[in-house]
1. Is there a residue in the range 722-737 that is assigned by the TED database to the domain that holds R677, open to solvent by 10 Å² or more (accessible area, probe 1.4 Å) and farther than 23 Å from H685 by Cβ?
2. In the list E1102, E1132, which residue meets the criterion of being modelled with pLDDT under 70, among the charged types (D, E, K, R), open to solvent by 70 Å² or more (accessible area, probe 1.4 Å) and not assigned by the TED database to the domain that holds M902?
3. Under the condition of being aliphatic (A, V, I, L, M) and in contact with an Asp or Glu (Cβ under 8 Å, 6 or more places away or on another chain), which residue from the range 315-330 is farthest from P364 (Cα to Cα)?
4. Residues in the range 659-666: is at least one in contact with a Leu (Cβ under 8 Å, 6 or more places away or on another chain), outside any helix (DSSP H, G or I), at negative phi and not aromatic (F, W, Y)?
5. What's the total number of residues in the range 477-504 that are in contact with an Asp or Glu (Cβ under 9 Å, 6 or more places away or on another chain) and open to solvent by 30 Å² or more (accessible area, probe 1.4 Å)?
6. Looking for whichever is over 18 Å from L722 (Cα atoms) and open to solvent by less than 10 Å² (accessible area, probe 1.4 Å) here; the options are G792, G785, G772. Which one fits?
7. Test V687 against the stated conditions and say whether it is in a helix (DSSP H, G or I), crowded, with 23+ Cβ neighbours inside 10 Å and touching a helix residue (DSSP H, G or I) at 6+ places or on another chain (Cβ under 9 Å).
8. Give A429, A437 a once-over and let me know the one that is in contact with an Asp or Glu (Cβ under 6 Å, 6 or more places away or on another chain) and without any contact (Cβ under 8 Å) to a residue 60 or more places away in the chain.
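The values are calculated or read from the model by the stated rules, or taken from the named source; none is laboratory data. Every value quoted in this text rests on a predicted model; they were computed, and no experiment measured them. Methodologically, a virtual Cβ is constructed for each residue, glycine included, from the backbone with ideal geometry; neighbour enumeration extends over all protein chains shown. Remember, those area values only see protein heavy atoms, side chains included, never the ligands or the DNA or RNA. Shrake-Rupley method; radii C 1.70, N 1.55, O 1.52, S 1.80 Å.
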Amino acid sequence: MGRSGKLPSGVSAKLKRWKKGHSSDSNPAICRHRQAARSRFFSRPSGRSDLTVDAVKLHNELQSGSLRLGKSEAPETPMEEEAELVLTEKSSGTFLSGLSDCTNVTFSKVQRFWESNSAAHKEICAVLAAVTEVIRSQGGKETETEYFAALIRKAAQHGVCSVLKGSEFMFEKAPAHHPAAISTAKFCIQEIEKSGGSKEATTTLHMLTLLKDLLPCFPEGLVKSCSETLLRVMTLSHVLVTACAMQAFHSLFHARPGLSTLSAELNAQIITALYDYVPSENDLQPLLAWLKVMEKAHINLVRLQWDLGLGHLPRFFGTAVTCLLSPHSQVVTAATQSLKEILKECVAPHMADIGSVTSSASGPAQSVAKMFRAVEEGLTYKFHAAWSSVLQLLCVFFEACGRQAHPVMRKCLQSLCDLRLSPHFPHTAALDQAVGAAVTSMGPEVVLQAVPLEIDGSEETLDFPRSWLLPVIRDHVQETRLGFFTTYFLPLANTLKSKAMELAQAGSTVESKIYDTLQWQMWTLLPGFCTRPTDVAISFKGLARTLGMAISERPDLRVTVCQALRTLITKGCQAEADRAEVSRFAKNFLPILFNLYGQPVAAGDTPAPRRAVLETIRTYLTITDTQLVNSLLEKASEKVLDPASSDFTRLSVLDLVVALAPCADEAAISKLYSTIRPYLESKAHGVQKKAYRVLEEVCASPQGPGALFVQSHLEDLKKTLLDSLRSTSSPAKRPRLKCLLHIVRKLSAEHEEFITALIPEVILCTKEVSVGARKNAFALLVEMGHAFLRFGSNQEEALQRYLVLIYPGLVGAVTMVSCSILALTHLLFEFKGLMGTSTVEQLLENVCLLLASRTRDVVKSALGFIKVAVTVMDVAHLAKHVQLVMEAIGKLSDDMRRHFRMKLRNLFTKFIRKFGFELVKRLLPEEYHKVLVNIRKAEARAKRHRALSQAALEEEEEEEEEEEPAQGKGDSIEEILADSEDEEDNEEEERSRGKEQRKLARQRSRAWLKEGGGDEPLNFLDPKVAQRVLATQPGPGRGRKKDHGFKVSADGRLIIREEADGNKMEEEEGAKGKDEEMADLMEDVIIRSKKHQKLKHQKEAEEEELEIPPQYQAGGSGIHRPVAKKAMPGAEYKAKKAKGDVKKKGRLDPYAYIPLNRSKLNRRKKMKLQGQFKGLVKAARRGSQVGHKNRRKDR
């Protein structure tokens, strides 16, 4: 007889099975009730709860049936019938009797949905019925609490945590601790002491798991008792017990409880006690856990009492630095990360209170010095394998303490410089980063006192061993004295420049170039010194004259000095005194910069210095006095009007006017407007463009003199801009449109006529050659729409009035029609929420009519509109017009269809995704069916590729979770002790498994005892004997697995994936946002440059290959055999970017290996093979000779 509920043979193979980890994918995506219930577990109730003691009592009485409607309404049952019913119930008792007569309403669903043919349901009912019988036999009342406690231990643990943490009275005027916390703590201690010494220690593990959640909820006295109990059970040398105890300590410190739970003294006592349980450096998992617990313990101690915490840090630093000698890279990483976190969270915030740190200091300063000496010891040779980690620690130490502790760090800086000069030092980048951190925190002056540059211009040799410091200082110097550059680097740079000139005159070109490079590197330090300097008001006056001479007389330094000035103004003039000091020299710097910008660029020179000068002028004008700006602007205007000025001079001066205009006052701007107004209609396109740029800068001012000028001259500006419309050249369109954009933003309803007059010009500018002009045209169209919305009370009607002004362009010239469609396309997307459905549908119908045009530009714009409409419109409204759109597309001529094949393909793809393949196929003519079939195949292929890629990615993530070793970076100790916790959760289940499973479990939880070295006996009275108990089997390390370049799944299968070519396919419609759709359209038909067009055509050519049917592939024998040439032996060694061969890691050296092949014995091919062999030998000899020559040259 088959087991109940078992499927017939062969049926199970046909069932759909879930992939690993996907068994709940069919659950509903929306679970707001469950989330709401879950969020209330540990959160404060939002309102007053109606759940009272009386309500619960009433509910229980209603469910148990003891509360009836009344005695008079109760049905009268004879005594005989009642006895008969009782007899019947007892006589018909089954395994469900305990459940069927259960009075608890919690299990009504089980009774209602129970199916007799389901084995799982029978098991559930049997368990619940058994629990019911147990509760009744114990005299229970069958309440939810009794069932809850009898069913699941973990659920009971969760319930205890919920009571202690989430009770209602713990939120408002809450006591320090829950009243039940004391009894809970005593119960845990009692249970651990009762069963702590047993072999299995199951109860101990359960209690430790409970303490992990509840320890931060206990009062201080009980926390101390629990901690003593935890430390006692850790002496049992039971690996799982020790791991769970460490988890409990970690949760206590990570919760950062208040002083009523954990005082600073108790925290310090626990830290001291944990040093007796330091695992061996070869014991990976326990050592990682110990480091993480100690890190959290010290961070919490410093939080409670920072001076006491700093006093405990030196000992931990000494122990953690010793861990850097561990052979396990995970231990080295964890120790490094713990020390870095302590430096950032414990030391750095208190360095200002600690003050100066010297070797003779006391108190917290002495602790910092001891910590640094412990890390500094890592630079000795025995730590050479961990020098990379030591350099990272030094970098963080310099950042955190360098400003106050530099007296004790100078010796370390010298050691670092000496270490960098050692031959073949592999950690140059990390060392430079550490020294750079010292430069940032201590300042270059202190660093150079410890490690001088040793460059003074009188060197006998040109080695310059410490010249590497210059780039390091350049990249890291900031917030230091600007005067140090003036007193140290500036004289030294001048000395080196003089030395370079002397050597150049003497004919020593190479030596001259070296000294010239050194002095230039010193000048490149200046921008860093100008970044938030501390003495601008004092030091800038001594440097200003030198900078002015460098700008005017040293072209090689011009860009660097200009950058330094800009940095000083933007990042070094926060204080008003500093700002005034730098502004005082504007009258000296600006004329020099103006003259430099007015000089033409020599043939062959780069225009970069000229651009740097103009940018420096713009920056300096932001802090220049207004009167000086007005005078400079007046002189520039005179230069523009001077007939003797050349075209280059006039254009250069107009650039300067553009920079000056926003900083002038209203009177100067009015005078400037009168000067440039005639140039708005100039026939010289460059001058006209610059004139519009001046007007643009004035109109762009949101406030100040520029805004006041626009407000007072608005009518004049409107008239001028309308009159100059016909004479505007193409290069001037971009600044003109920008100027109009700023003006439209400031218009009110009475200026609607001005906007109406601008619409035709703006629409035509959407097809301008300049990308900037097209962008500004579309931006202005949108801004006009917003203006109409401001003017009207009803937004939909206001937008409709605006669109009516654009509609006439649809019946104009061909260019106007195309531009109008583009404008409507952009407005459709920007105002899609305000356009009525009837308006959009009407637009779509009219655009479909324009698809019959014989002009490609019109058809192209119409297809772009349809693409946006498909994206914007609701499917229900779009469905009414699918037939109309498909008919219009189907009537396209062969030339149009061929020219826009990729656009049509994209449109068909969107329609197929929305309405299905069959509908689209039925609405299109037969000549389109081949393309539609190809689209369907491509979509299916892309979907398969995405599914495979997703599955592979998920499997890879699962492997990483299973195989990734515990890292010190994890903030949660559960990540570190995952293996140990799994053992604890499954310990009871393992008893019922087979012999092999039990043996494996014993091996996992087994501890090893490491004996003394040599003949030394093991002393069990030694306080450090706990380090001899290992969770990892001692002995030789396991051999590394051979890396074959492929991932391996958990069951040992190789994961070999091809590159997904589905990346080129479009993602699903829902995955692609509407903003991206508009961006694609803008790039496609609106603001695409020539470079984008070229790339687009290349992409279309690649996508077009999808329509080519698969080609024949050879396979089989005879004429169907593959005829591809086989790779020559050794081809894998051939260099890709040079001649000769290259060595491959893990492979044989690239010599001439001749494979043994039986076909080589063929007599008919003897001469051919001899020739090949001779050529091979000749080539090898030739390569050998070249190698010998190169080696002789190197010698």
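1. No.
2. Details: E1132 fails: modelled with pLDDT under 70.
Just one listed residue meets the conditions, E1102.
3. Quick first cut of the range 315-330, residues aliphatic (A, V, I, L, M) only: 320-321, 324-325.
Add one more test, that the residue is in contact with an Asp or Glu (Cβ under 8 Å, 6 or more places away or on another chain), and what stays is 321, 325.
Working: V321: 20, L325: 28 Å.
This residue is L325.
4. Yes, there is a match, as at least one residue in the range 659-666 is in contact with a Leu (Cβ under 8 Å, 6 or more places away or on another chain), outside any helix (DSSP H, G or I), at negative phi and not aromatic (F, W, Y).
5. Here is the first cut: in the range 477-504, the residues in contact with an Asp or Glu (Cβ under 9 Å, 6 or more places away or on another chain) are 480-484, 488, 492, 495-497, 499-501, 503-504.
Imposing the further condition that a residue be open to solvent by 30 Å² or more (accessible area, probe 1.4 Å) reduces the set to 481, 488, 495, 497, 499, 501, 503-504.
Residues flagged as in contact with an Asp or Glu (Cβ under 9 Å, 6 or more places away or on another chain) and open to solvent by 30 Å² or more (accessible area, probe 1.4 Å) within the range 477-504 amount to 8.
6. Working: G792 fails: open to solvent by less than 10 Å² (accessible area, probe 1.4 Å); G772 fails: open to solvent by less than 10 Å² (accessible area, probe 1.4 Å).
So the residue among G792, G785, G772 that is over 18 Å from L722 (Cα atoms) and open to solvent by less than 10 Å² (accessible area, probe 1.4 Å) is G785.
7. Details: in a helix (DSSP H, G or I): yes; crowded, with 23+ Cβ neighbours inside 10 Å: no; touching a helix residue (DSSP H, G or I) at 6+ places or on another chain (Cβ under 9 Å): yes.
Criteria not met by V687.
8. Details: A429 fails: in contact with an Asp or Glu (Cβ under 6 Å, 6 or more places away or on another chain).
After applying the criteria, what remains is A437.
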